[in-house]
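The values are calculated or read from the model by the stated rules, or taken from the named source; none is laboratory data. In this text the structure is predicted, and so the values were computed from the model without any measurement. With ideal geometry, Cβ positions are generated from the backbone for all residues, glycine too; neighbour counts draw on all protein chains shown. Side chains are part of the model used for accessible areas, which takes the heavy atoms of the whole protein and leaves out ligands, DNA and RNA. Shrake-Rupley method; radii C 1.70, N 1.55, O 1.52, S 1.80 Å.
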Amino acid sequence: MPRSTTAYINLDALRRNYRTASERAGSARSMAVVKADGYGHGIARVASALADVAPKYAVACIEEALAIRAAGLAQPVVLLQGVHARDDLADCERGDFEPVLHSEYQLVWLEQGGYAPRFWLKVNTGMNRLGFRPDDLPAVMARMEKTGAGRRLLGFVSHFACADDTNSTMTAAQTAVFVTATSAWPALMKSVGNSAAHFIPGQPLFDWSRPGIMLYGGSPVVGKTGPELGLEPVMSLEAPLITTRVVRAGETVGYGGAWVAERDTRMGMVAVGYADGYPRHAGTDTPAAIGGRRIRLIGRVSMDMLAVDLSNAPKAVEGDPVELWGRTVGVDEVASCAGTISYELLTGVTSRVPRTYL
Ligand SMILES: *Cc1c(COP(=O)(O)O)cnc(C)c1O
């Protein structure tokens, strides 16, 4: 028997979250961002579940685009990180992948000719990771026209640095820079919005929005959980209770003796640890749940197990499934207890944990 530690994936919830994204996107269409193995949910299953609603997918790299094709899906796939080698342009042309070109060397590859993929240009409006500066855009566009490559240019992409922070003025500033920078080419498409941008009142999303984390029910907005934003959890990470005992007042639990029992306490060990992707930085008092009742972690997370206080679940016995995150305990809550974000937890569930699709 394999251990029952499992990530249950609710594909109906995923589809409902996609619908929420497209409703919030208004007249913009939404490309489903399924990079990083569908944010840890399994790219083939996630992309397939959205196939009849999503007109386009977006991934980071070409391997991920090929995984979508291997799943038998035909929609165009945007490569958010462009291409890493000139020959990748051939795969793009053949596979209907749309690289987002962001740097001079990629333009040179395009100008060398031979391959004719459709593509996007990334405009750096202030994130300062990738993209051409607005000042450089006229010269880039003049080159594109000269070589004829411009005929396959779909449009312009930019990315927000602070859309998760409702108090930041940066998103509005980046939007203004983007509009001005691209105004000379009104026939080309525009795409700016990550998940967080779907929750900013009045934020223009132009032609294509790019929802990622919200599809999986994680919150893109600082200080709010996914459910508070009308999103449904998609992954439920569960693991069995493999032993229970009473530790006596004054005894410690786990590595470092980091937790000391103040009174006699019934506790249990759960078969999940940081080698499964559960965050080691989640300390004592991080919530978990058993039978819909909230319990709490105690002591340090080990590689293959962690300890819970069962005071709040007196009937729990060996074999009972413990929810580490899911419907009762939000992944955003666990992330915040571990000093991180839901993105890292979801993408971090390791291959040791089987995914079961509901
Ligand atoms: C990952 C990514 C997205 C999706 O971001 P979320 O915050 O998960 O919605 C959108 N655009 C780009 C360029 C990305 O890299």
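What pairs come up if the first residue lies in the stretch 147-168 and is in the same structural domain as GLU111 (by TED's automatic domain parsing) and closer than 14 Å to ARG210 by Cβ, the second is of a type outside the set (A, V, I, L, M) and away from the ligand (no atom under 15 Å from the Cβ), and their beta carbons are under 6 Å apart, counting only those six or more places apart or on different chains?
LEU154/ARG118; PHE156/THR182
For the stretch 195-249, give me each residue that is within 27 Å of LEU306 (Cα to Cα), within 13 Å of the ligand (Cβ to nearest atom) and either in a helix (DSSP H, G or I) or of a type in the set (Asp, Glu) (or both).
ILE213, TYR216
With the stretch 8-97 as the region, which helices (runs of 4 or more DSSP H) entirely inside it contain at least 1 residues that are within 16 Å of the ligand (Cβ to nearest atom)? Give the derivation first.
On the way: elements: 11-24, 35-39, 43-49, 62-70, 88-95.
Because the criterion is at least 1 residues that are within 16 Å of the ligand (Cβ to nearest atom), the helices (runs of 4 or more DSSP H) in the stretch 8-97 that meet it are 11-24, 35-39, 43-49, 62-70.
Taking into account only those residues within the stretch 169-194 that are part of a loop (DSSP other than H, G, I, E, B) and buried (at least 16 other Cβ atoms within 10 Å of the Cβ), which is nearest to the ligand (Cβ to nearest atom)? Spell out how you get there, then give the answer.
Applying the first criterion (part of a loop (DSSP other than H, G, I, E, B)) to the stretch 169-194 yields 169, 183-188, 192-194.
With buried (at least 16 other Cβ atoms within 10 Å of the Cβ) added as a condition, the list becomes 185, 188, 192-194.
Values: TRP185: 20, LEU188: 17, VAL192: 9, GLY193: 8, ASN194: 4 Å.
The qualifying residue nearest to the ligand (Cβ to nearest atom) is ASN194.
So, in the stretch 324-340, how many residues would count as being at negative phi and either open to solvent by less than 10 Å² (accessible area, probe 1.4 Å) or in contact with an Asp or Glu (Cβ under 8 Å, 6 or more places away or on another chain) (or both)? Walk me through how you get there before you give the answer.
Step one: of the stretch 324-340, the residues at negative phi are 324-325, 327-338, 340.
Then drop every residue that is not either open to solvent by less than 10 Å² (accessible area, probe 1.4 Å) or in contact with an Asp or Glu (Cβ under 8 Å, 6 or more places away or on another chain) (or both), which leaves 324-325, 329, 334-335, 337.
Residues flagged as at negative phi and either open to solvent by less than 10 Å² (accessible area, probe 1.4 Å) or in contact with an Asp or Glu (Cβ under 8 Å, 6 or more places away or on another chain) (or both) within the stretch 324-340 amount to 6.
Taking the stretch 52-90 as the search range and keeping residues that are open to solvent by less than 30 Å² (accessible area, probe 1.4 Å) and either of a type in the set (Gly, Ala, Ser) or modelled with pLDDT under 95 (or both), which one is farthest from MET214 (Cα to Cα)?
Taking the candidates together, the pick is ALA90.
Somewhere in the stretch 129-138, is a residue open to solvent by less than 40 Å² (accessible area, probe 1.4 Å), outside any helix (DSSP H, G or I) and in the same structural domain as LEU205 (by TED's automatic domain parsing)?
Yes, some residue in the stretch 129-138 is open to solvent by less than 40 Å² (accessible area, probe 1.4 Å), outside any helix (DSSP H, G or I) and in the same structural domain as LEU205 (by TED's automatic domain parsing).
So which residues in the stretch 98-126 are in a loop (DSSP other than H, G, I, E, B) and within 13 Å of the ligand (Cβ to nearest atom)? Give the derivation first.
Just the residues of the stretch 98-126 that are in a loop (DSSP other than H, G, I, E, B), to begin with: 102-103, 112-118, 124-126.
Residues satisfying the conditions are HIS102, ASN124, THR125.
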